[in-house]
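The values are calculated or read from the model by the stated rules, or taken from the named source; none is laboratory data. The structure displayed is predicted, hence computed values, not measured ones. Counting neighbours? That spans all protein chains shown, and the Cβs are built from the backbone with ideal geometry, glycine included. Please note that ligands, DNA and RNA were not included when accessible areas were found on the heavy atoms of the full protein model with its side chains. Shrake-Rupley method; radii C 1.70, N 1.55, O 1.52, S 1.80 Å.
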Amino acid sequence: MDINKRTILWIVFAVSLVVLWNNWMVSTGKPSMFAPAPAQTAKAPEAKKSELPAASATAAAGAAALPGAPAAAEPFKSERITVTTDLFRVDVDTLGGTIKRLELLKFKDGVDPTKNQVLFDVDAGTGKTYLAQTGLIGAPGLPNHQTGFVAKPGPRMLGDGNQVQLVLEAESAGVKLTKTFTFKRGDYTIDVRHDVANVGAAPVKPELYLQLVHDGNKPAGDSYFNSSYTGPTLYTAEDHYKKLKFETLEKEAAEAAKTGKDAVQDHPTKADNGWFAISQHFFVSAFVPQDKLARTIFTKKVTTNQYAIGTIQQLGTLAPGATVSNDAKLYSGPQEAKLLEKVSPGLELVKDYGWLTIIAKPIFWVMDHIHQVLGNWGWTIIAFTILIKLAFFPLSAAGYRSMAKVKLVTPKMQAIRERYKGDPAKMNQATMELYKAEKINPLGGCLPILVQMPVFIALYWVLQASVEIRGAPWIGWITNLAAPDPWYILPVLYAISMYITTKLNPAPADPMQAKMMLFMPLAFSVMFFFFPSGLVLYWVVNNVLSIGQQYVISKKFAPPAAANS
């Protein structure tokens with residue numbers, strides 16, 4: 001029994017190490033061992049792709065001339081217009097009507113809590129690039145994200161109303177493009193409307209592109225044990241949710257440079273629905289193009305350390321004097337499932353629970369309902385641990401009864417080991433016969449641990465993916481349950497609880513096994529130094545409850561002979 005139980009415990013330990021190694025792989029940009037490889041993208045029609053503006057997304061605003069303007073024309077002098085709502089502060093550059101900075105007012109920065117979380121941003125010093133760009137292609141000189149726009153007068157703060165609008169206009173090559181950004185109270189979704197008017201004398205056939213540009217780096221503060229996917233994602237009703245890789249875009253661009261082909265890639269299937277996004281830990285920015293309008297989904301390398309994902313939508317042929325409108329949405333905010341579900345079908349999938357989603361989703365659903373009552377995520381985790389313990393009580397009781405029986409027959413097992421210490425095969429055979437005679441299940445003591453391992457790993461992903469728990473305090477020194485314990489108190493308590501649990505279990509006859517069993521709590525405690533404190537809290541509470549349960553069962557529910565001994 002000891003050999004089997006120790007073997008299973010080492011298997012559990014090995015599985016945990018595999019999970020940690022997988023997280024390290026993901027955090028360093030390598031593919032997950034548990035996720036399918038991203039689908040290969042197919043080449044798109046060359047004519048479409050070559051028309052996309054290819055200039056650097058971080059070109060200096062004051063130095064960019066209007067596309068198609070005479071060489072002697074004065075450079076366009078752009079300005080940043082700041083719009084403030086109850087949820088965020090947004091900077092829109094009149095050069096291209098590009099969103100260059102978006103600050104979330106309700107979320108603190110993951111590294112510096114004195115600052116707010118920033119999503120869209122451009123910082124030449126750090127190389128950070130994260131932009132939302134739109135424009136027209138289809139003919140030379142059409143207004144795009146390098147064109148100078150004029151901002152219409154209007155309020156720039158939400159004030160007492162429920163919405164505020166920013167209207168930008170540009171005219172070039174006989175086409176007038178009007179961009180209207182609508183910011184609403186209590187909403188992380190920005191309505192982005194494009195009105196395209198043919199003010200020239202000849203028909204035009206413009207196409208609208210929407211794209212997100214990113215530098216390909218993970219957010220500051222990302223670590224091996226607290227990492228999450230950062231990169232392009234997309235969803236269509238036909239192909240469902242897919243992750244792409246910045247590394248893949250870089251390799252495709254390198255291959256294209258060797259062959260002289262266009263590096264832009266299209267998603268294999270054209271669509272008339274869905275969304276595309278840049279996902280990162282806890283947050284996401286997603287464009288939802290106008291529904292039921294055919295589109296081409298593309299990814300590309302813009303320039304060095306800049307990558308884009310976007311769509312191109314045909315607007316049809318516009319006769320002189322004709323106008324066409326296109327409505328899109330831009331969500332830029334937290335990965336809260338309730339908010340994401342309202343924006344577009346499938347957008348909630350960016351809240352990635354890993355390969356145990358089938359368990360993690362119900363876990364978060366239960367915890368969310370508990371939190372609505374208790375109002376504190378730390379106490380929610382404790383209450384959830386108690387519920388899990390109650391749910392597995394019959395199984396745990398059976399396991400502890402099995403261990404109580406093992407304690408009862410320990411002298412007989414010692415005698416068997418002494419008798420057959422030179423013959424391991426006969427020793428195991430005699431031990432199994434003893435188990436059979438005493439009606440002992442050799443695996444009974446391991447079942448509670450094995451059953452709880454999927455819950456433990458799923459809870460890890462819940463704490464990793466749930467922005468609701470990010471920055472949530474418990475008591476005293478625990479100010480962020482999604483971050484490691486700053487004073488390492490919970491890992492130490494875990495080590496103590498595991499030591500007590502080990503002492504309550506039947507002691508291995510082999511001194512080497514006994515040393516290894518004492519080493520395992522220390523090894524896990526060291527790993528827990530880097531785990532979210534909420535996860536360690538769950539395991540500490542679980543161990544404390546297990547100790548109490550094991551003690552009571554050992555005294556009250558053990559066989560009479562064991563109770564009298």
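A few remarks follow.
- For peptides 349-356, 469-476, sequence by mean Cβ density within 10 Å, most packed first: 349-356, 469-476
- Here is the tail figure for the range 244-347: Cα pairs spaced more than 23 Å apart come to 41 percent of all pairs.
- Residues whose placed amide H lies under 5 Å from that of residue 157, excluding near-sequence neighbours: 84
- The range 80-352 - charge dipole about Cα centre, Lys and Arg +1 at Cβ, Asp and Glu -1, debye rounded to 20: 160 debye
- Restraint check, 179/205; 100/361; 115/184; 115/218; 77/128; 389/503, Cα-Cα greater than 25 Å: 100/361
- For residue 214, solvent-accessible area (1.4 Å; no DNA, RNA or ligand), Å²: 10 Å²
- Per-residue 3J(HN,Hα) values for the range 107-112, derived from phi via the Karplus relation 6.51 cos²θ - 1.76 cosθ + 1.60 with θ = phi - 60°, read 10, 7, 5, x, 9, 10 Hz in sequence order (x marks Gly and Pro).
- Size of the range 138-243 as Cα extents on the principal axes (Å, biggest first): 60, 40, 29
- Using the Cβ-Cβ distance between residue 291 and residue 79 with R0 set to 30 Å, the FRET efficiency works out to roughly 0.35.
- Other-chain or far-sequence residues with amide H under 5 Å of residue 189's (modelled H): none
- Relative to the current alpha-carbon distance between residue 475 and residue 115, full extension at 0.36 nm per residue lengthens the span by 127.3 nm.
- Beta bridges assigned by DSSP with both partners in the range 80-352 are antiparallel in approximately 100 percent of cases.
- In summary, the aspartates and glutamates within cross-link reach of residue 338, defined as a Cα separation below 17 angstrom excluding same-chain residues under 8 places away, comprise 187, 348, 352, 368, 468.
- Residue-count net charge about residue 194 - beta-carbon cut-off 13 Å; Lys, Arg +1, Asp, Glu -1: -1
- Residue-wise HN-Hα couplings along the range 166-182, as the Karplus relation 6.51 cos²θ - 1.76 cosθ + 1.60 with θ = phi - 60° gives them from phi, are 10, 10, 10, 10, 8, 10, 7, 6, x, 10, 9, 10, 10, 9, 10, 9, 10 Hz; Gly and Pro carry x.
- By a 1.4 Å probe calculation restricted to protein chains, residue 121 has an accessible surface near 30 Å², given to the nearest 10.
- Packing, taken as the mean count of other beta carbons within 10 Å per residue, orders the peptides 544-550, 283-289 from highest to lowest as 283-289, 544-550.
- Our Cα-only numbers for the range 72-137 put the radius of gyration and Dmax at 14.1, 48 Å.
- Annotation: Cα Rg of the range 117-181 relative to the compact-globule expectation 2.2 N^0.38 Å equals 1.40.
- Taking all protein chains into account, the per residue accessible area for the range 296-337 stands at 32 Å² (1.4 Å probe).
- Zone residues, the range 129-172, relative to residue 185, backbone N less than 11 Å from point 7 Å out along Cα-to-Cβ: 158-164
- When each of the peptides 309-316, 234-241 is scored by how many other beta carbons lie within 10 Å of its residues on average, the order from highest to lowest is 309-316, 234-241.
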